[in-house]
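For reference, the structure discussed in these notes is given below.
The values are calculated or read from the model by the stated rules, or taken from the named source; none is laboratory data. Predicted model only: the values in this text are computed from it and were never measured. Note that each Cβ is placed from the backbone with ideal geometry, even for glycine, and that neighbours are counted across all protein chains shown. Surface areas here come from the heavy atoms of the whole protein model, side chains and all, with no ligands, DNA or RNA. Shrake-Rupley method; radii C 1.70, N 1.55, O 1.52, S 1.80 Å.
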Amino acid sequence: MSFQIPRGTQDILPEQAAKWQYIEQIARELCRRYNYQEIRTPIFEHTELFLRGVGDTTDIVQKEMYTFEDRGGRSLTLRPEGTAAVVRSFVENKMYGYPNQPVKLYYMGPMFRYERPQAGRFRQFVQFGVEALGSNDPAIDAEVIALAMDIYRSLGLKKLKLVINSLGDVESRKAHRQALIDHFQPRIHEFCDDCQARLHKNPMRILDCKKDRDHELMRTAPSILDYLNEQSRTYFEKVQMYLQKLGIAFEVDPRLVRGLDYYNHTAFEIMSEAEGFGAITTLCGGGRYNGLVQEIGGPETPGIGFALSIERLLAALEAEGISLPISEGIDCYVVALGEQAKEEAVALVAALRQEGIAAEKDYQDRKVKAQLKAADRLHAAYVAILGEDELQKGVINVKHMATGEQQEVPLDIFVSHMKNVLQ
Ligand code: HAM
(Lines give C-alpha, C1' and ligand atoms only; values in the text may rest on other atoms or scores of the structure.)
Protein backbone atom coordinates (compact mmCIF):
# COMPACT_ATOMS: atom_id res chain seq x y z
CA MET A 1 0.00 0.00 0.00
CA SER A 2 1.31 3.47 -0.82
CA PHE A 3 0.07 6.82 0.35
CA GLN A 4 -0.44 10.07 -1.48
CA ILE A 5 -0.64 13.59 -0.20
CA PRO A 6 -4.22 14.91 0.23
CA ARG A 7 -5.64 16.88 -2.70
CA GLY A 8 -4.91 20.60 -2.58
CA THR A 9 -1.93 20.27 -0.24
CA GLN A 10 1.78 20.16 -1.00
CA ASP A 11 5.09 19.08 0.46
CA ILE A 12 7.62 21.86 0.57
CA LEU A 13 10.84 20.06 -0.27
CA PRO A 14 14.21 21.39 0.94
CA GLU A 15 15.03 23.38 -2.20
CA GLN A 16 11.65 25.12 -2.06
CA ALA A 17 11.82 25.52 1.70
CA ALA A 18 14.91 27.71 1.32
CA LYS A 19 12.81 30.10 -0.78
CA TRP A 20 10.06 30.08 1.83
CA GLN A 21 12.55 30.93 4.54
CA TYR A 22 13.92 33.79 2.50
CA ILE A 23 10.46 35.24 1.89
CA GLU A 24 9.51 34.84 5.55
CA GLN A 25 12.69 36.63 6.56
CA ILE A 26 11.96 39.58 4.25
CA ALA A 27 8.37 39.80 5.56
CA ARG A 28 9.54 39.71 9.18
CA GLU A 29 12.21 42.33 8.55
CA LEU A 30 9.70 44.68 6.92
CA CYS A 31 7.32 44.17 9.85
CA ARG A 32 10.13 45.16 12.16
CA ARG A 33 10.65 48.37 10.20
CA TYR A 34 6.93 49.16 10.14
CA ASN A 35 6.65 48.22 13.82
CA TYR A 36 4.26 45.26 13.50
CA GLN A 37 4.72 42.49 16.05
CA GLU A 38 4.07 38.81 15.59
CA ILE A 39 1.03 37.07 17.02
CA ARG A 40 0.49 33.29 16.87
CA THR A 41 -3.00 31.94 17.30
CA PRO A 42 -4.23 28.32 17.16
CA ILE A 43 -4.82 26.54 13.89
CA PHE A 44 -8.38 25.72 14.95
CA GLU A 45 -11.01 27.87 16.62
CA HIS A 46 -14.61 27.50 17.68
CA THR A 47 -16.69 27.31 14.49
CA GLU A 48 -18.94 30.08 15.76
CA LEU A 49 -16.05 32.56 15.54
CA PHE A 50 -15.90 32.24 11.76
CA LEU A 51 -19.69 32.25 11.33
CA ARG A 52 -19.68 35.61 13.10
CA GLY A 53 -16.36 36.94 11.96
CA VAL A 54 -16.17 35.95 8.33
CA GLY A 55 -19.94 36.04 7.78
CA ASP A 56 -22.42 33.23 7.27
CA THR A 57 -23.36 34.25 3.73
CA THR A 58 -19.79 34.03 2.44
CA ASP A 59 -18.46 31.20 0.30
CA ILE A 60 -15.87 30.51 2.96
CA VAL A 61 -18.45 29.76 5.63
CA GLN A 62 -21.02 28.12 3.38
CA LYS A 63 -18.80 25.85 1.34
CA GLU A 64 -15.17 25.91 2.30
CA MET A 65 -14.64 25.27 5.99
CA TYR A 66 -13.01 22.20 7.47
CA THR A 67 -15.32 21.77 10.41
CA PHE A 68 -15.26 18.84 12.81
CA GLU A 69 -16.54 17.84 16.18
CA ASP A 70 -13.96 17.03 18.80
CA ARG A 71 -14.33 14.25 21.33
CA GLY A 72 -16.03 16.63 23.72
CA GLY A 73 -18.73 17.40 21.15
CA ARG A 74 -17.51 20.93 20.40
CA SER A 75 -17.67 22.19 16.85
CA LEU A 76 -14.21 23.33 15.78
CA THR A 77 -12.95 24.66 12.44
CA LEU A 78 -9.50 24.76 10.90
CA ARG A 79 -8.95 28.47 10.39
CA PRO A 80 -9.83 29.57 6.84
CA GLU A 81 -8.22 32.99 7.40
CA GLY A 82 -6.43 34.91 10.12
CA THR A 83 -8.38 38.09 10.83
CA ALA A 84 -11.22 36.62 12.89
CA ALA A 85 -8.75 34.76 15.11
CA VAL A 86 -6.53 37.80 15.62
CA VAL A 87 -9.56 39.87 16.55
CA ARG A 88 -10.71 37.12 18.93
CA SER A 89 -7.32 37.22 20.62
CA PHE A 90 -7.30 41.05 20.64
CA VAL A 91 -10.59 41.02 22.54
CA GLU A 92 -9.81 38.06 24.79
CA ASN A 93 -6.47 39.55 25.83
CA LYS A 94 -7.90 43.07 26.17
CA MET A 95 -5.34 44.50 23.80
CA TYR A 96 -7.64 47.50 23.37
CA GLY A 97 -6.29 48.54 26.77
CA TYR A 98 -2.63 48.48 25.68
CA PRO A 99 -0.94 51.86 26.06
CA ASN A 100 0.44 51.69 22.51
CA GLN A 101 -2.37 52.16 20.02
CA PRO A 102 -2.97 51.16 17.34
CA VAL A 103 -2.01 47.58 18.09
CA LYS A 104 -0.08 46.44 15.03
CA LEU A 105 0.18 42.68 14.58
CA TYR A 106 1.37 40.24 11.96
CA TYR A 107 1.01 36.51 11.54
CA MET A 108 2.19 33.76 9.30
CA GLY A 109 0.82 30.26 9.08
CA PRO A 110 -1.35 27.68 7.34
CA MET A 111 -5.01 28.37 6.50
CA PHE A 112 -7.51 25.82 5.26
CA ARG A 113 -10.28 26.14 2.69
CA TYR A 114 -12.11 23.37 0.91
CA GLU A 115 -11.83 24.90 -2.56
CA ARG A 116 -11.42 23.30 -5.96
CA PRO A 117 -7.64 23.07 -6.31
CA GLN A 118 -6.03 24.73 -9.32
CA ALA A 119 -2.91 26.77 -10.05
CA GLY A 120 -2.48 29.16 -7.13
CA ARG A 121 -5.36 27.68 -5.16
CA PHE A 122 -4.77 25.13 -2.44
CA ARG A 123 -6.74 23.60 0.39
CA GLN A 124 -3.90 24.26 2.76
CA PHE A 125 -1.98 27.46 2.04
CA VAL A 126 0.19 29.77 4.07
CA GLN A 127 -0.91 33.31 4.68
CA PHE A 128 1.23 36.15 5.82
CA GLY A 129 -1.00 38.91 7.14
CA VAL A 130 -1.09 42.05 9.23
CA GLU A 131 -3.81 43.71 11.29
CA ALA A 132 -3.69 47.25 12.71
CA LEU A 133 -6.34 47.69 15.37
CA GLY A 134 -7.41 50.89 17.07
CA SER A 135 -6.90 53.67 14.53
CA ASN A 136 -9.32 55.46 12.27
CA ASP A 137 -6.63 57.46 10.53
CA PRO A 138 -6.62 56.99 6.72
CA ALA A 139 -2.82 57.15 6.95
CA ILE A 140 -2.81 53.70 8.54
CA ASP A 141 -4.78 52.34 5.57
CA ALA A 142 -2.03 53.70 3.34
CA GLU A 143 0.64 52.26 5.64
CA VAL A 144 -0.88 48.77 5.52
CA ILE A 145 -1.06 48.90 1.72
CA ALA A 146 2.50 50.24 1.55
CA LEU A 147 3.75 47.35 3.67
CA ALA A 148 2.17 44.81 1.33
CA MET A 149 3.65 46.53 -1.71
CA ASP A 150 7.03 46.76 0.03
CA ILE A 151 7.12 43.00 0.58
CA TYR A 152 6.53 42.29 -3.10
CA ARG A 153 8.95 44.96 -4.27
CA SER A 154 11.70 43.86 -1.89
CA LEU A 155 11.50 40.45 -3.50
CA GLY A 156 11.93 42.01 -6.92
CA LEU A 157 8.36 41.87 -8.27
CA LYS A 158 7.55 44.66 -10.70
CA LYS A 159 4.45 43.64 -12.60
CA LEU A 160 1.98 44.50 -9.89
CA LYS A 161 -1.35 46.25 -9.94
CA LEU A 162 -2.90 47.75 -6.84
CA VAL A 163 -6.67 48.10 -6.99
CA ILE A 164 -8.59 49.95 -4.30
CA ASN A 165 -12.21 50.69 -3.56
CA SER A 166 -14.32 52.04 -0.78
CA LEU A 167 -17.20 50.02 0.57
CA GLY A 168 -18.31 53.00 2.64
CA ASP A 169 -19.72 53.06 6.14
CA VAL A 170 -22.92 51.40 7.36
CA GLU A 171 -25.13 54.23 6.10
CA SER A 172 -23.56 54.30 2.63
CA ARG A 173 -23.80 50.53 2.36
CA LYS A 174 -27.45 50.56 3.31
CA ALA A 175 -28.28 52.95 0.47
CA HIS A 176 -26.16 50.96 -1.96
CA ARG A 177 -27.68 47.69 -0.79
CA GLN A 178 -31.19 48.90 -1.59
CA ALA A 179 -30.05 50.12 -5.00
CA LEU A 180 -28.55 46.69 -5.72
CA ILE A 181 -31.73 44.89 -4.70
CA ASP A 182 -33.80 47.18 -6.92
CA HIS A 183 -31.36 46.60 -9.77
CA PHE A 184 -31.19 42.82 -9.65
CA GLN A 185 -34.62 41.85 -8.32
CA PRO A 186 -36.63 42.03 -11.58
CA ARG A 187 -34.27 39.58 -13.31
CA ILE A 188 -32.82 37.65 -10.40
CA HIS A 189 -34.23 34.38 -11.82
CA GLU A 190 -31.61 34.66 -14.58
CA PHE A 191 -28.87 34.33 -11.95
CA CYS A 192 -27.39 31.28 -10.20
CA ASP A 193 -28.87 29.81 -7.02
CA ASP A 194 -26.19 31.44 -4.90
CA CYS A 195 -26.98 34.88 -6.26
CA GLN A 196 -30.69 34.34 -5.74
CA ALA A 197 -30.02 33.46 -2.14
CA ARG A 198 -27.75 36.49 -1.76
CA LEU A 199 -30.24 39.02 -3.11
CA HIS A 200 -31.69 39.94 0.26
CA LYS A 201 -29.04 38.57 2.57
CA ASN A 202 -25.99 40.19 1.03
CA PRO A 203 -26.61 41.63 -2.46
CA MET A 204 -23.10 43.07 -2.73
CA ARG A 205 -21.75 39.54 -2.95
CA ILE A 206 -23.62 39.11 -6.25
CA LEU A 207 -21.03 41.45 -7.78
CA ASP A 208 -18.36 38.92 -6.87
CA CYS A 209 -20.11 35.90 -8.46
CA LYS A 210 -17.88 33.95 -10.79
CA LYS A 211 -20.73 32.17 -12.61
CA ASP A 212 -22.75 35.24 -13.51
CA ARG A 213 -19.88 37.59 -14.05
CA ASP A 214 -20.82 38.22 -17.72
CA HIS A 215 -24.51 38.95 -17.17
CA GLU A 216 -25.38 42.39 -18.57
CA LEU A 217 -26.85 43.52 -15.24
CA MET A 218 -23.39 43.14 -13.71
CA ARG A 219 -21.97 45.85 -15.92
CA THR A 220 -24.79 48.26 -15.22
CA ALA A 221 -25.02 47.57 -11.48
CA PRO A 222 -25.05 50.64 -9.22
CA SER A 223 -21.57 51.60 -8.08
CA ILE A 224 -20.87 51.92 -4.38
CA LEU A 225 -18.88 55.07 -5.10
CA ASP A 226 -22.11 56.84 -6.08
CA TYR A 227 -23.59 55.99 -2.69
CA LEU A 228 -20.79 57.08 -0.39
CA ASN A 229 -21.88 59.69 2.13
CA GLU A 230 -19.76 62.75 2.80
CA GLN A 231 -17.70 61.16 5.55
CA SER A 232 -16.97 57.98 3.60
CA ARG A 233 -16.03 59.95 0.49
CA THR A 234 -13.65 62.18 2.43
CA TYR A 235 -12.09 59.15 4.09
CA PHE A 236 -11.51 57.45 0.74
CA GLU A 237 -10.03 60.63 -0.74
CA LYS A 238 -7.57 60.87 2.13
CA VAL A 239 -6.46 57.27 1.67
CA GLN A 240 -5.77 58.06 -1.98
CA MET A 241 -3.94 61.25 -1.07
CA TYR A 242 -1.67 59.31 1.29
CA LEU A 243 -0.99 56.63 -1.30
CA GLN A 244 0.05 59.35 -3.72
CA LYS A 245 2.30 60.86 -1.06
CA LEU A 246 3.95 57.47 -0.67
CA GLY A 247 4.41 57.22 -4.43
CA ILE A 248 2.23 54.13 -4.72
CA ALA A 249 0.34 53.83 -7.99
CA PHE A 250 -3.21 52.47 -7.79
CA GLU A 251 -6.45 52.07 -9.69
CA VAL A 252 -9.90 52.62 -8.26
CA ASP A 253 -12.25 49.76 -9.11
CA PRO A 254 -15.80 50.30 -7.81
CA ARG A 255 -16.53 46.63 -8.46
CA LEU A 256 -13.94 45.33 -6.02
CA VAL A 257 -16.05 43.89 -3.19
CA ARG A 258 -13.89 41.18 -1.57
CA GLY A 259 -15.18 37.82 -0.40
CA LEU A 260 -15.55 38.38 3.33
CA ASP A 261 -18.37 40.18 5.12
CA TYR A 262 -16.44 42.28 7.59
CA TYR A 263 -15.20 45.01 5.27
CA ASN A 264 -16.15 48.67 5.14
CA HIS A 265 -14.41 51.77 3.82
CA THR A 266 -11.09 50.78 2.24
CA ALA A 267 -10.86 47.49 0.33
CA PHE A 268 -7.87 46.58 -1.80
CA GLU A 269 -6.22 43.83 -3.78
CA ILE A 270 -2.82 43.47 -5.35
CA MET A 271 -2.68 41.52 -8.61
CA SER A 272 0.13 40.11 -10.67
CA GLU A 273 0.21 41.37 -14.24
CA ALA A 274 3.01 39.04 -15.25
CA GLU A 275 2.44 37.17 -18.44
CA GLY A 276 1.96 33.46 -17.88
CA PHE A 277 0.55 33.96 -14.41
CA GLY A 278 -2.43 31.65 -13.99
CA ALA A 279 -6.09 32.58 -14.09
CA ILE A 280 -6.12 33.62 -10.46
CA THR A 281 -4.15 36.86 -10.43
CA THR A 282 -4.91 38.15 -6.93
CA LEU A 283 -1.81 38.00 -4.79
CA CYS A 284 -3.04 39.88 -1.76
CA GLY A 285 -6.32 41.14 -0.36
CA GLY A 286 -7.29 43.32 2.53
CA GLY A 287 -9.33 46.16 3.86
CA ARG A 288 -10.88 47.94 6.78
CA TYR A 289 -13.25 46.17 9.18
CA ASN A 290 -14.53 48.72 11.65
CA GLY A 291 -17.41 46.68 13.11
CA LEU A 292 -15.59 43.38 13.59
CA VAL A 293 -14.13 43.85 17.07
CA GLN A 294 -17.60 44.65 18.40
CA GLU A 295 -19.12 41.72 16.50
CA ILE A 296 -16.64 39.45 18.33
CA GLY A 297 -17.56 40.92 21.70
CA GLY A 298 -15.07 43.74 22.20
CA PRO A 299 -15.46 47.50 22.45
CA GLU A 300 -15.92 49.53 19.28
CA THR A 301 -12.47 49.46 17.67
CA PRO A 302 -11.54 50.16 14.07
CA GLY A 303 -9.22 47.80 12.22
CA ILE A 304 -7.51 47.27 8.90
CA GLY A 305 -5.27 44.57 7.50
CA PHE A 306 -4.36 42.33 4.62
CA ALA A 307 -3.27 38.79 3.90
CA LEU A 308 -1.25 37.28 1.10
CA SER A 309 -0.33 33.70 0.42
CA ILE A 310 3.26 32.63 0.02
CA GLU A 311 2.15 30.12 -2.64
CA ARG A 312 0.87 32.86 -4.94
CA LEU A 313 3.86 35.04 -4.19
CA LEU A 314 6.15 32.22 -5.32
CA ALA A 315 4.09 31.77 -8.47
CA ALA A 316 4.42 35.50 -9.22
CA LEU A 317 8.19 35.32 -8.72
CA GLU A 318 8.35 32.44 -11.14
CA ALA A 319 6.16 34.23 -13.69
CA GLU A 320 8.49 37.24 -13.57
CA GLY A 321 11.56 34.99 -13.82
CA ILE A 322 12.98 36.16 -10.50
CA SER A 323 15.36 33.89 -8.64
CA LEU A 324 15.88 34.69 -4.99
CA PRO A 325 19.42 35.26 -3.68
CA ILE A 326 19.57 32.09 -1.67
CA SER A 327 22.97 30.88 -0.54
CA GLU A 328 22.95 27.33 -1.69
CA GLY A 329 26.31 26.02 -0.63
CA ILE A 330 28.03 24.92 2.55
CA ASP A 331 31.21 26.59 3.78
CA CYS A 332 33.58 23.67 4.09
CA TYR A 333 33.70 19.96 3.23
CA VAL A 334 36.30 17.91 5.07
CA VAL A 335 37.65 15.07 2.91
CA ALA A 336 39.38 12.33 4.86
CA LEU A 337 41.70 9.56 3.63
CA GLY A 338 42.45 6.61 5.86
CA GLU A 339 41.10 5.39 9.16
CA GLN A 340 42.88 7.83 11.43
CA ALA A 341 42.06 10.85 9.27
CA LYS A 342 38.39 9.80 9.28
CA GLU A 343 38.33 9.83 13.04
CA GLU A 344 40.03 13.22 13.09
CA ALA A 345 37.54 14.61 10.55
CA VAL A 346 34.66 13.98 12.96
CA ALA A 347 36.23 16.31 15.49
CA LEU A 348 37.22 18.90 12.87
CA VAL A 349 33.72 19.15 11.44
CA ALA A 350 32.28 19.48 14.94
CA ALA A 351 34.78 22.25 15.79
CA LEU A 352 33.92 24.16 12.58
CA ARG A 353 30.22 23.95 13.38
CA GLN A 354 30.85 25.27 16.88
CA GLU A 355 32.24 28.39 15.26
CA GLY A 356 29.18 28.90 13.07
CA ILE A 357 30.67 27.38 9.93
CA ALA A 358 28.47 25.15 7.77
CA ALA A 359 30.56 22.01 7.51
CA GLU A 360 30.06 18.50 6.18
CA LYS A 361 32.00 15.24 5.84
CA ASP A 362 31.51 11.84 4.30
CA TYR A 363 29.36 9.19 6.01
CA GLN A 364 29.19 6.71 3.14
CA ASP A 365 32.76 5.37 3.31
CA ARG A 366 33.46 6.90 -0.10
CA LYS A 367 36.80 7.05 -1.89
CA VAL A 368 38.54 10.43 -2.15
CA LYS A 369 37.27 11.08 -5.65
CA ALA A 370 33.68 10.43 -4.61
CA GLN A 371 34.12 12.61 -1.53
CA LEU A 372 35.31 15.46 -3.75
CA LYS A 373 32.30 14.96 -5.98
CA ALA A 374 30.02 15.12 -2.95
CA ALA A 375 31.69 18.38 -1.89
CA ASP A 376 31.08 19.73 -5.36
CA ARG A 377 27.41 18.75 -5.30
CA LEU A 378 27.03 20.59 -1.99
CA HIS A 379 28.65 23.70 -3.55
CA ALA A 380 31.27 23.77 -0.78
CA ALA A 381 33.20 27.05 -0.79
CA TYR A 382 36.25 25.27 0.62
CA VAL A 383 37.40 21.67 0.63
CA ALA A 384 39.81 20.63 3.35
CA ILE A 385 41.72 17.42 2.63
CA LEU A 386 43.21 15.38 5.43
CA GLY A 387 45.37 12.42 4.35
CA GLU A 388 47.87 10.30 6.25
CA ASP A 389 50.78 12.54 5.15
CA GLU A 390 49.03 15.68 6.32
CA LEU A 391 48.10 14.05 9.58
CA GLN A 392 51.73 13.16 10.23
CA LYS A 393 52.86 16.71 9.46
CA GLY A 394 50.02 18.12 11.60
CA VAL A 395 48.51 20.07 8.71
CA ILE A 396 45.41 20.04 6.50
CA ASN A 397 45.20 21.01 2.84
CA VAL A 398 42.61 23.74 2.30
CA LYS A 399 41.39 24.46 -1.21
CA HIS A 400 39.33 27.48 -2.20
CA MET A 401 37.02 26.06 -4.84
CA ALA A 402 36.28 29.30 -6.71
CA THR A 403 39.97 30.12 -7.38
CA GLY A 404 41.58 26.69 -7.07
CA GLU A 405 44.07 28.16 -4.58
CA GLN A 406 45.51 25.65 -2.12
CA GLN A 407 47.18 26.14 1.21
CA GLU A 408 48.58 23.89 3.91
CA VAL A 409 47.22 25.00 7.24
CA PRO A 410 48.45 23.75 10.64
CA LEU A 411 45.73 21.63 12.20
CA ASP A 412 45.73 23.55 15.45
CA ILE A 413 44.78 26.81 13.72
CA PHE A 414 42.53 25.24 11.06
CA VAL A 415 39.25 26.42 12.60
CA SER A 416 40.39 30.01 13.18
CA HIS A 417 41.89 30.04 9.67
CA MET A 418 38.55 28.96 8.21
CA LYS A 419 36.78 31.62 10.24
CA ASN A 420 39.09 34.25 8.82
CA VAL A 421 38.83 33.24 5.20
CA LEU A 422 35.06 32.91 5.35
CA GLN A 423 34.51 36.39 6.75
P1 HAM B 1 -8.71 36.62 1.30
O2 HAM B 1 -8.87 37.51 0.13
O3 HAM B 1 -9.70 35.57 1.51
O4 HAM B 1 -8.62 37.58 2.56
O5 HAM B 1 -7.29 35.94 1.23
C6 HAM B 1 -6.11 36.73 1.17
C7 HAM B 1 -5.09 36.08 0.28
O8 HAM B 1 -4.88 34.73 0.67
C9 HAM B 1 -5.46 35.99 -1.18
O10 HAM B 1 -5.23 37.19 -1.86
C11 HAM B 1 -4.53 34.90 -1.65
O12 HAM B 1 -3.20 35.39 -1.80
C13 HAM B 1 -4.51 33.97 -0.46
N14 HAM B 1 -5.42 32.83 -0.65
C15 HAM B 1 -6.73 32.77 -0.35
N16 HAM B 1 -7.23 31.55 -0.64
C17 HAM B 1 -6.19 30.83 -1.12
C18 HAM B 1 -6.04 29.48 -1.59
N19 HAM B 1 -7.07 28.63 -1.59
N20 HAM B 1 -4.83 29.08 -2.04
C21 HAM B 1 -3.77 29.93 -2.01
N22 HAM B 1 -3.87 31.20 -1.59
C23 HAM B 1 -5.04 31.65 -1.14
C24 HAM B 1 -8.42 37.16 3.85
O25 HAM B 1 -8.13 36.04 4.16
C26 HAM B 1 -8.50 38.27 4.86
N27 HAM B 1 -8.35 37.69 6.19
C28 HAM B 1 -7.45 39.32 4.59
C29 HAM B 1 -7.50 40.43 5.58
C30 HAM B 1 -6.70 40.59 6.63
N31 HAM B 1 -8.36 41.42 5.56
C32 HAM B 1 -8.13 42.20 6.60
N33 HAM B 1 -7.13 41.70 7.26
Taking the mean number of other Cβ atoms within 10 Å as a proxy for protection, how do you rank 124-134, 10-20, 148-158 from highest to lowest? 124-134, 148-158, 10-20
Here, Q423 and K211, labelled 7 Å along Cα→Cβ, have an inter-label distance in nm of 6.8 nm
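Please state the relative contact order of the chain as a whole percent: Cα pairs under 8 Å, 6+ residues apart?
Numbers: 716 pairs, mean separation 64.9, N = 423.
That works out to 15 percent.
So how many Å³ per residue does the convex hull of the Cα atoms of region 109-223 work out to? Don't skip to the end; give the middle numbers.
Details: hull volume 19.8 nm³, N = 115.
Cα convex hull per residue, to the nearest whole number: 172 Å³.
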Counting only protein heavy atoms with a 1.4 Å probe and every protein chain in place, the carbon and sulfur fraction of the accessible surface of region 330-417 in whole percent equals 48 percent
I'd like the Karplus ³J(HN,Hα) series for region 389-396: coefficients 6.51, -1.76, 1.60, θ = phi - 60°, whole numbers in Hz, and an x wherever there's a Gly or Pro. 4, 4, 4, 5, 7, x, 10, 9
Find which of H215, P203, H189 sits farthest along the positive direction of the dipole of region 181-288, computed with +1 on the beta-carbon of Lys and Arg, -1 on that of Asp and Glu, about the Cα centre. P203
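How big is the dipole moment of the chain about its Cα centre under a simple scheme where the beta carbon of each Lys and Arg is +1, that of each Asp and Glu is -1, and everything else is neutral? Debye, nearest 20, please. Before the final figure, lay out the partial values.
Details: 51 positive and 60 negative charges, 144 e Å.
Result for the chain is approximately 700 debye, rounded to the nearest 20.
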Which value in nm describes the separation of the simple spin-label points at S154 and Q16, placed 7 Å from the Cα toward the beta carbon? 2.4 nm
Among T67, G120, I39, pick out the residue whose Cα is farthest towards the positive end of the charge dipole of region 16-173, where Lys and Arg carry +1 and Asp and Glu carry -1 on C-beta, about the Cα centre. G120
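Report Rg/Rh for region 330-417, rounded to two decimals, where Rg is the Cα radius of gyration and Rh the Kirkwood radius.
Details: Rg = 11.5 Å, Rh = 12.6 Å.
Across region 330-417, the Cα-based Rg/Rh ratio is 0.91.
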At what distance in angstrom do the alpha carbon centres of region 127-192 and region 303-328 lie from each other? 21 Å
Give me the dipole magnitude in Debye, nearest 20, for region 146-296 about the Cα centre, with unit charges on the beta carbon: positive for Lys and Arg, negative for Asp and Glu. 240 debye
Report, in listed order, any pair from K94/K174; K19/K373; K211/K238; K158/K238; K210/K245 with a Cα-Cα distance greater than 28 Å. K94/K174; K211/K238; K210/K245
Only residues of region 351-383 count here: report those whose backbone N is under 16 Å from the spot 7 Å along Cα→Cβ of D389, or say none. 368-369
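State in Å² the accessible area per residue of region 330-417; use a 1.4 Å probe, count heavy atoms of protein chains only, and round to the nearest integer. Mind showing how you got there, number by number?
Values: 5100 Å² over 88 residues.
Result: 58 Å² per residue.
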Reference-scaled alpha-carbon Rg (2.2 N^0.38 Å with N residues) for region 273-423: 1.73
Give the value in nm², to one decimal: projected area of the alpha carbon convex hull of region 1-79, averaged over all directions. 8.8 nm²
Report, in whole Å, the centroid distance computed from the Cα atoms of region 387-422 and region 240-256. 58 Å
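Please compute the Kirkwood hydrodynamic radius over the chain, one decimal place, Å, based on all pairs of different Cα atoms. Don't jump to the answer; show the numbers that get you there.
Details: mean 1/r = 0.0400 Å⁻¹.
Taking the inverse mean of 1/r over all distinct Cα pairs, the chain comes out at 25.0 Å.
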Backbone N within region 48-68 under 19 Å of label point (7 Å from M218 Cα along the Cβ vector): 58-60
Relative packing of 196-208, 367-379, 329-341, 234-246, which averages over residues the other C-beta atoms within 10 Å, highest first: 329-341, 196-208, 234-246, 367-379
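Relative to the compact globular guide of 2.2 N^0.38 Å, what is the alpha carbon radius of gyration of region 185-277, as a ratio?
Relative to the rule-of-thumb radius for its length, region 185-277 sits at 1.27.
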